[in-house]
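Worksheet: one structure, shown below.
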Amino acid sequence: MVEEIIYSMEAPYREKLQVRGYHFGKKGEKTACILGPIRGNEIQQLYICSQLVHALRELEHNGCINNNKGIMVIPCVNYYGMNIGKRFWPVDNTDINRKFPGMDYGDTTERIAAGVLSAIRDYSYGIQFASFYMTGEFVPHVRMMETGYQNASLANLFGMPYVVVRKPRPIDTKTLNYNWQNEMTAAFSVYTNKNDEIDETSARQAVASVLRFLMRMGIIKYEGHSGYISHVIYEENLSNVDASCGGIFRSRVKAGEEVRYNQLMGEIVDPFLGDVISEIHATTDGIVFFAHKDPLVNEGDIVFRLIHRLHA
Amino acid sequence: MIETVVAYQLAVGETLKIQKKRLMPGAGNPNIGRISIVSGIHGDELEGQYVCYEIIRRIQEHPENLNGIVDVYPALNPLGVDSGGRMIPKLNMDMNRMFPGEATGTMMDKLAARIIEDIKGSDICVDVHASDTFVKEMPQVRISEEHGKDLVDFSRLLNADLIWINASAAAHEATLTNSLNAIGVPALLVEMGLGNRVTRSFGDQITEGIFNLMHEIGIWSGPVGEIRNAKLTRDYGIDFFRAQSTGIFLPDMENGQLVSAGDMIGKIISTLSGDVLEIIQAKRSGILFTLREYPLVYEGALIARVLAEERNGW
């Protein structure tokens, strides 16, 4: 393993920001790159990357990185935000993951984005551990943008339960995933069920899924569980279930659970009087793909997203 | 008449409402024009609050001069404005990157879609922004290259100092004005002043411009003051100055000043070593229309912009 500083920037009084990359395998070979938190609250993602570095060190030590293959893991970009409890860039609160492809001569976060992208472009495969702006629990999945360059068959090789293809909206065009794909890297975002706390089970699943992918692409030698046969889902086909009023949210189901049509999935309680003011029922037979976790809910919030049942 | 455009019940004892003030002429004429004035998409940009107030005040003072509908939406992000935050609270999303919204999306997606629906049908929309809390801007209209040709003539009416045709599609994508322009509602974005401040002179200047615009499109028949000739430019006419070092910026000039090539705009210093890290000098002569107010800078931070080259027509 070789540690590299892939991007650095001075700060007035803090230690220099130094984005570290850990390279495994043949020097200069750009086969697969794994990128961790761009946002300061993605603690689970940081943990997963640290565990990947740990696993790859062992694999490299045992001669399990295949000839002429090179892997880079960048465990954290925005650790400045992480150390002070901020999701975005500390000074101006901008989201680095909405600044890609960035600009060398642009503003601070555009320069960080450009610097990171210049270090990770030209890799054949790009894997990002990311988070979604809706706070809640997801079924672990691999997500990719429908840019025309996406390859859902490759995403299946992670062996995660689901592969989600998202039609990009204008808001998505400045994300790393979108721009990485436009740079002709086969880019995947891996989502586990947590962000700002660690869930060991899904972290292990995420580490195993990346190692499985690297093994199936002939980059490493690795013996592990073969994983799931992934279902490919188009995001627009998920059924959204909205809150009909605001209040305290009591969920009856978790992400990954199977539900039947009309099953009670949650309740909204009047925050002052304690009465149940709304019951939330399943709109289809299916699997809970996303579940709202915040105990408070606003009218119109999406509280569940359901995958219409795939098999009879 | 104050109308609620869209309302969603929040979790605890409160309803989020987007409201507008509708001002209408006395006599009914089904074919009258309509202008929408919006502000407060970013909760820390308060310059538009004064503009909204002045427009309503002046119309109410002389309702006899009103010949069309004026809809004033002072706070499209009321939770942000009321809590002094730029973004949508809790979601921490930039509302001006969520348009045109989505009827089946999150609460804020639905809300954005409803706002677009409500403004649709206006003959024109003016979205009044302030700068952020970092740099101060002279009053300017920013229009995209994509829709610019149709908007330049309207922009000239707004009494701004500058009209900037910006080629970067990314700067306009998912904004309210871009989404309105895409559905055929001419929409102009005004940028001026500083975040968390009201600069009354700038507000008066743009208010006069909005009355001038209303006059030109037949909505206002009252008197309008003298309108300045805005300088039109594209990206290449603007010199950007960004910090190449990290430290504290000390300006040597005032925003709005004329500069000559070589003039010292300011310097970046280290307060630990006592060194001057960087001197920022004008590259070309022109008008300093953007100047940093927030002293702390990281590499890349915007320090200043100078309008160095004008363009006469499209």
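Taken together, the values in this text are just the output of simple stated rules run on the coordinates, not laboratory data. Computed from a prediction, not measured in an experiment: that's the story for all the values here. Neighbour counts are summed over all protein chains in view; Cβ atoms, including those assigned to glycine, are modelled from backbone coordinates with ideal geometry.
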- [ ] Could you list, in their original order, any pairs among A:Lys27/A:Lys221; A:Lys99/A:Lys167; B:Lys90/B:Lys136; A:Lys30/A:Lys221; A:Lys30/A:Lys86 whose Cα atoms are separated by more than 22 Å?
- [x] B:Lys90/B:Lys136; A:Lys30/A:Lys86
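Using the crude model of +1 on Lys and Arg Cβ and -1 on Asp and Glu Cβ, and no other charge, please compute the dipole size for the protein assembly as shown relative to its Cα centre, in debye to 20.
Numbers: 61 positive and 77 negative charges, 277 e Å.
Dipole about the Cα centre, nearest 20: 1340 debye.
To make sure I understand, if each residue's beta carbon is the centre and we count other beta carbons within 10 Å, what order do B:Val198, B:Val185 fall in, fewest to most?
On the way: B:Val198 16, B:Val185 19.
Ranked by crowding around the Cβ, least crowded first: B:Val198, B:Val185.
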TODO: Pick out which of A:Val253, A:Val288, A:Val53 has the largest mean-square fluctuation in a Gaussian network model of chain A, springs linking Cα atoms closer than 10 Å.
DONE: A:Val253
- [ ] Go ahead and run the numbers for FRET between A:Ser8 and A:Met103, Cβ-Cβ distance against an R0 of 22 Å, rounding to 0.05.
- [x] 0.80
- [ ] Grab the DSSP H runs of chain A that are 4 residues or longer, score each as -39,500 (n - 2.57), total them, divide by all residues and round the 222 nm result to the nearest 500 deg cm²/dmol.
- [x] -6500 deg cm²/dmol
Open item on the list: Using amide H atoms built in the peptide plane, which far-off residues or other-chain residues are under 5 Å from B:Glu278 H to H?
Closed with: B:Ile268
Open item on the list: Please list, in order, the residues from the range B:234-250 whose amide nitrogen is less than 13 Å from a point placed 7 Å along the Cα→Cβ vector of B:Thr271.
Closed with: B:247-250
TODO: Work out, step by step, the length gained on full extension between A:Asp294 and A:Arg204: first 0.36 nm times the residue separation, then minus their alpha carbon distance; give nm to one decimal.
DONE: 29.9 nm
Task: Rounded to 10°, Cα long-axis angle of helix B:200-216 versus longest principal axis of chain B - done: 50
Task: Pairwise label distance in nanometres, B:Glu117 with A:Asp122, each label 7 Å out on the Cα-Cβ vector - done: 5.1
TODO: Taking chain B as the reference, fit the longest principal axis to its C-alpha atoms, fit the long axis of helix B:107-119 to the helix C-alpha atoms, and give the angle between the two in degrees, 0 to 90, nearest 10.
DONE: 70
Open item on the list: On alpha carbon coordinates alone, what is the Rg over Rh value for the protein assembly as shown, Rh being the Kirkwood radius?
Closed with: 1.00
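Please state the equivalent ellipsoid semi-axes for the range B:236-307: what are the square roots of 5 times the Cα gyration tensor eigenvalues, largest first, in whole Å?
On the way: eigenvalues 87, 25, 21 Å².
Ellipsoid half-lengths, sorted descending, are 21, 11, 10 Å.
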Task: Projected label distance in nm at A:Arg57 and B:Ser260, using a 7 Å step from Cα toward the beta-carbon - done: 6.2
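Over the whole of A:268-280, what's the average partner chain Cβ count within 10 Å per residue? Rounded to a whole number, please. Display every interim value, and only then the final one.
On the way: counts 2, 0, 2, 4, 2, 0, 0, 0, 0, 1, 0, 0, 0.
Partner-chain Cβ atoms within 10 Å, mean over residues of A:268-280: 1.
For chain B, what is the calculated [θ] at 222 nm in deg cm²/dmol (nearest 500), taking -39500 (n - 2.57) for each run of four or more DSSP H residues and dividing by its residue count? It would help to have the intermediate numbers written out before the result.
Values: 7 runs with 74 residues, N = 314.
After summing the helix terms and dividing by the residues of chain B, the value is -7000 deg cm²/dmol.
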Task: Segment B:Ser168-B:Glu293, extension gain: residue separation times 0.36 nm, minus the distance between their alpha carbons - done: 42.5 nm
Task: Residue-count net charge about A:Gly28 - beta-carbon cut-off 15 Å; Lys, Arg +1, Asp, Glu -1 - done: +2
Task: Relative packing of peptides B:265-278, B:153-166 - highest average C-beta neighbours within 10 Å first - done: B:153-166, B:265-278
- [ ] For the range A:238-308, state the average projected area of the convex hull of the C-alpha atoms over all orientations, rounded to one decimal in nm².
- [x] 3.8
Task: Cα pair count fraction exceeding 28 Å, expressed as % - chain B - done: 41
Open item on the list: Given R₀ = 45 Å, what would the calculated FRET efficiency be for B:Ile2 paired with B:Asp150, taking r from the Cβ atoms and rounding to 0.05?
Closed with: 0.90
Task: Sites A:Tyr234 and A:Gln18 - FRET efficiency at Förster radius 35 Å, r taken between beta-carbons, to 0.05 - done: 0.30
